[in-house]
Amino acid sequence: MPDSTSPLSAPRVALIGFGEAGETFVRSEGWRGEARAWDLVAERRAIMAGLGVETGDDPAAAIGDSAFLLSLVTADQALDAACSYAQLLPEGALWCDLNSVSPDTKRQAATVIEAVGGRYVDVAVMAPVEKGLAVPLLVSGPHALAAEPLLEALGFKNVRVVGDEVGRASAIKMIRSVMVKGIEALCDECAAAAQAAGVFNEVVASLDASDKRIGWAERFAYNQERMATHGLRRAEEMKEVAATLRNLGVEPTMSDGTVKRQHAAGMQGKNRRENAA
């Protein structure tokens with residue numbers, strides 16, 4: 001990690017959660033932050049040391065006096081993380097919540113952070129984290145403009161403020177996910193039915209005849225691989241998507257179904273990986 005010469009040239013940041021997203025960002029070419037991190041899983045904390053990321057024996061030691069934090073936990077832990085660590089934040093700390101949760105969940109987390117004098121920022125990650133620091137980030141909330149230059153100073157190349165309301169950035173992501181994850185789930189369901197009926201090639205040929213941009217066999221394979229690899233995490237995100245729609249007065253019929261198919265595919269993928277290990 002480069003030495004910090006100024007807050008904007010190499011900001012010191014604390015990462016709350018060090019899973020796929022945190023590790024990917026820190027490993028990315030162009031990362032300029034001096035990082036601390038905390039993760040509940042001991043194995044993840046062990047990985048940090050090899051990447052030059054400081055940790056501690058407990059969350060308080062890991063967070064220290066950090067005034068700039070990225071919350072990168074799983075969707076089902078986003079609110080719990082805010083509640084668990086809020087009391088450890090220094091006055092005025094920026095809590096950037098990058099988790100894929102509903103606007104209402106983010107507003108609840110914001111209330112917790114703001115109650116202790118922190119500054120909450122709603123950040124939506126708008127593409128797979130495999131893109132590293134090139135992943136588009138949408139930022140909203142009353143402190144979005146304060147967070148934007150710090151995120152850019154870490155090395156993120158595509159940061160855009162979309163409003164001063166907590167929940168706006170996450171609303172864009174959640175509603176977009178209705179389509180993105182829903183198409184994956186529809187592909188999975190269609191391919192499974194076609195294979196079970198012994199008509200996969202015929203169904204693919206019929207679909208290809210109406211859509212030539214990418215072959216449907218390739219599309220099925222790609223979407224099913226993504227679900228097998230990320231389905232468990234995406235199922236949790238889609239639960240938040242469904243909550244978003246309900247709060248908008250829209251019945252999430254397809255999104256509820258997507259939760260089930262993403263979770264089932266993710267479990268199958270997990271079992272295959274465990275059996276192969």
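What residue, of Lys106, Lys131, is among the basic types (Lys, Arg), closer than 20 Å to Val73 by Cα, out of contact with any Lys or Arg (no Cβ under 7 Å at 6 or more places or on another chain) and free of Cβ contacts under 8 Å to residues at least 24 places away in the same chain?
Details: Lys106 fails: free of Cβ contacts under 8 Å to residues at least 24 places away in the same chain.
Answer to the selection: Lys131.
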Filter pass, Arg168 being surrounded by 19 or more Cβ atoms within 10 Å (Cβ to Cβ), touching a strand residue (DSSP E or B) at 6+ places or on another chain (Cβ under 7 Å) and basic (Lys, Arg):
yes
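Each row is one residue, and each column tells you yes or no for (1) surrounded by 18 or more Cβ atoms within 10 Å (Cβ to Cβ); (2) in the same structural domain as Pro103 (by TED's automatic domain parsing); (3) not small (Gly, Ala, Ser).
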site: Leu207; (1), (2), (3): no, no, yes
site: Asp211; (1), (2), (3): no, no, yes
site: Gly215; (1), (2), (3): no, no, no
site: Glu218; (1), (2), (3): no, no, yes
site: Tyr222; (1), (2), (3): no, no, yes
site: Arg246; (1), (2), (3): no, no, yes
site: Thr253; (1), (2), (3): no, no, yes
site: Ala265; (1), (2), (3): yes, no, no
May I ask you to say which residue of Gly92, Gly52, Gly64, Gly117 is out of contact with any Leu (no Cβ under 8 Å at 6 or more places or on another chain), at positive phi and modelled with pLDDT of 95 or more?
Gly92
Hey, does region 148-163 have a residue that's touching a Lys or Arg at 6+ places or on another chain (Cβ under 6 Å) and either outside any helix (DSSP H, G or I) or on the phi > 0 side of the Ramachandran plot (or both)?
yes
Any chance region 109-122 includes a residue that's among the charged types (D, E, K, R), farther than 25 Å from Ile63 by Cβ and part of a helix (DSSP H, G or I)?
no
Might you let me know whether region 130-150 holds any residue that is over 24 Å from Ala86 (Cβ atoms), of a type in the set (Gly, Ala, Ser), in contact with a Pro (Cβ under 6 Å, 6 or more places away or on another chain) and in the same structural domain as Ser28 (by TED's automatic domain parsing)?
no
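Over 18 Å from the mean Cα position of the chain (by Cα) and assigned to a loop (DSSP other than H, G, I, E, B): is that true of Val203 in this structure?
Working: over 18 Å from the mean Cα position of the chain (by Cα): yes; assigned to a loop (DSSP other than H, G, I, E, B): no.
Here the answer is no, as Val203 does not meet what is asked.
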Which of (1) at pLDDT 95 or above; (2) on the phi > 0 side of the Ramachandran plot does Gly249 not meet, given it meets every other one?
(1)
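The values are calculated or read from the model by the stated rules, or taken from the named source; none is laboratory data. Since we're looking at a predicted model, the values are computed, not measured. All Cβ positions, even for glycine, are placed from backbone atoms using ideal geometry, and neighbour counts span all protein chains on display.
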